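One structure is given below, encoded as structure tokens.
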Amino acid sequence: MKLNIAVLPGDGIGPEIAAQGVEVMSAVCKKFGHEVRYEYALCGADAIDKVGDPFPEETYEICKGADAVLFSAVGDPKFDNDPTAKVRPEQGLLAMRKKLGLFANIRPVQTFKCLLHKSPLRADLVDGADFLCIRELTGGMYFGEKYQDNDKAYDTNMYTRPEIERILKVGFEYAMKRKKHLTVVDKANVLASSRLWRQIAQEMAPSYPKVQTDYMYVDNAAMRMIQEPKFFDVMVTENTFGDILTDEGSCISGSMGLLPSASTGESTPVFEPIHGSWPQAKGLNIANPLAQILSVAMLFEYFGCKAEGALIREAVDASLDANVRTPEIQMEGGAKYGTKEVGTWIVNYINN
Ligand code: IPM
Ligand code: MG
């Protein structure tokens, strides 16, 4: 296979983890005889500083022309604390999602046996938890009409039927491939947009008779994820709820640095960690590269390259078992490995 990959390292720890993702990708391509070419492009605060736009047209063209995008992170504190900033790094990520039509964000929540003790939840609750959150990614409050002045501000949570139907379809189809249990998460007791989601889900459910479909209010889902994470198999939800619930989900596995994601839709798919740019750690070689590396596994799996994905997952498991871990997941007294050292260990494992 020939792969053209757009690499968008972005801000903060982004470039450090992107470098490890690329190393792993190259090692796997070499091993399996794939040809890979990378094209780097600007995004986020880095792009604002260099060209004044968090998702420049050139970056868009590079992404559009690629087979897949390997994305790292955007965000910078100099914008976070300035609510009046006219352009923000996050707008780059949102523009990329919108322009590439990436309406389906697949966020797997999984645990690693040797890291169960790292979860703030009891090990018996999280052991074996394994679910997918399918987050709608190009609609809702993120993109609805907005207004802001000194006395009033609003964001509109608008969804149309086609937007809801296509994301629910993704949810039902993943449920069919897994344990056939779909939870539609909404706030239909309060929000009109949620009532339309629920209505459409109820219309579609009979077409998937093998799937057990249930409906859960988002507040209740947030509680259930902590009380009984093993209840879930596939959950599907709108953009804002999915954003919030997946940060919560990352606590189940013990570190935000472990969870990858795939964003798919109309154009080039994007593979990215769910965590942010962790600016405080920039340049310190302490960020966990595993979420980025597992995003590369998802990339291969997307293209049907199961063995390639499986080898990356095996290498990641082996690194954890060998205690080759970044500081936030290292055992007490264990040697602390850097971003680069974890990546290199995984590359060596793949090469051998
Ligand atoms: C995520 C992030 C983004 C989001 C931010 C960086 C805009 O939190 O991918 O979950 O809110 O979607
Ligand atoms: Mg988020």
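The values are calculated or read from the model by the stated rules, or taken from the named source; none is laboratory data. It should be emphasised that the depicted structure is a prediction, and the values quoted were computed from it without experimental measurement. With ideal geometry, Cβ positions are generated from the backbone for all residues, glycine too; neighbour counts draw on all protein chains shown. Ligands, DNA and RNA are stripped out before the accessible areas are found, and what is left, the full protein with its side chains, is counted by its heavy atoms. Shrake-Rupley method; radii C 1.70, N 1.55, O 1.52, S 1.80 Å.
Per residue, the range 213-276 exposes 29 Å² of solvent-accessible protein surface, assessed with a 1.4 angstrom probe and all protein chains in place.
Under the combined filter of DSSP loop state and at most 14 neighbouring Cβ atoms within 10 Å, the range 81-161 retains these trypsin sites (Lys or Arg not before Pro): LYS86, ARG122, LYS152. Dipole magnitude for the chain: computed about the Cα centre from +1 point charges on Lys and Arg Cβ and -1 point charges on Asp and Glu Cβ, it is near 820 debye.
Approximating the spin labels as points 7 Å out from Cα along Cα→Cβ, the ALA318-to-ASP247 distance works out to 3.6 nm. Tell me whether the range 143-184 comes out rounded, prolate or oblate; compute the Cα gyration tensor, take square roots of the eigenvalues as a ≥ b ≥ c, and use a/c under 1.5 as the rounded threshold. Judged from the Cα gyration tensor, the range 143-184 comes out prolate (a/c at least 1.5, a/b above b/c). In whole percent, and with a 1.4 Å probe on the protein chains, what portion of the accessible area of the range 139-270 is carbon and sulfur? About 54 percent, which is the carbon plus sulfur part of the accessible surface.
Among the GluC sites (Glu not before Pro) found in the range 276-352, those both in a DSSP coil and sparsely packed, with 13 or fewer other Cβ atoms within 10 Å of their Cβ, are GLU332.
Most simply put, the chain has about 40% antiparallel DSSP beta bridges, counting only bridges with both residues inside it.
Taking a Cβ cut-off of under 14 Å around MET331, the surrounding Lys, Arg, Asp and Glu residues balance to a net charge of +1, with basic ones at +1 and acidic ones at -1. Note that the chain shows a convex hull volume over its alpha carbon atoms of 139 Å³ per residue. Using C-alpha pairs under 8 Å with a sequence gap of at least 6, the mean separation divided by the residue count of the range 231-336 gives a relative contact order of 20 percent.
Seen from all directions on average, the range 184-238 presents a Cα convex hull projection of 3.8 nm².
For the chain, the 222 nm mean residue ellipticity estimated from helices alone, with every DSSP H stretch of n ≥ 4 adding -39500 (n - 2.57) and the total spread over all residues, rounds to -13500 deg cm²/dmol. Taking only the alpha carbons of the range 219-333, we obtain Rg and Dmax values of 15.5, 48 Å in that order. Ordering ASN351, ILE312, VAL324 by the projection of their Cα atoms onto the charge dipole of the range 299-352, which places +1 on the Cβ of Lys and Arg and -1 on the Cβ of Asp and Glu, puts ASN351 at the extreme positive end. Taking only protein heavy atoms and a 1.4 Å probe, the accessible area of the range 34-115 is 52% carbon and sulfur. Couplings for the range 213-230, taken from phi via the Karplus curve 6.51 cos²θ - 1.76 cosθ + 1.60 with θ = phi - 60°, read 9, 10, 10, 9, 5, 4, 5, 5, 5, 4, 6, 4, 4, 8, 6, 8, x, 6 Hz in order; Gly and Pro are left as x.
Each of THR240, PRO279, SER267 was placed along the dipole of the range 217-284 (beta-carbon charges, centred on the mean Cα), and the one lying farthest toward the positive end is PRO279.
Here the range 171-299 is assigned +1 on the Cβ of each Lys and Arg and -1 on the Cβ of each Asp and Glu. Its dipole about the Cα centre then comes out at about 320 debye.
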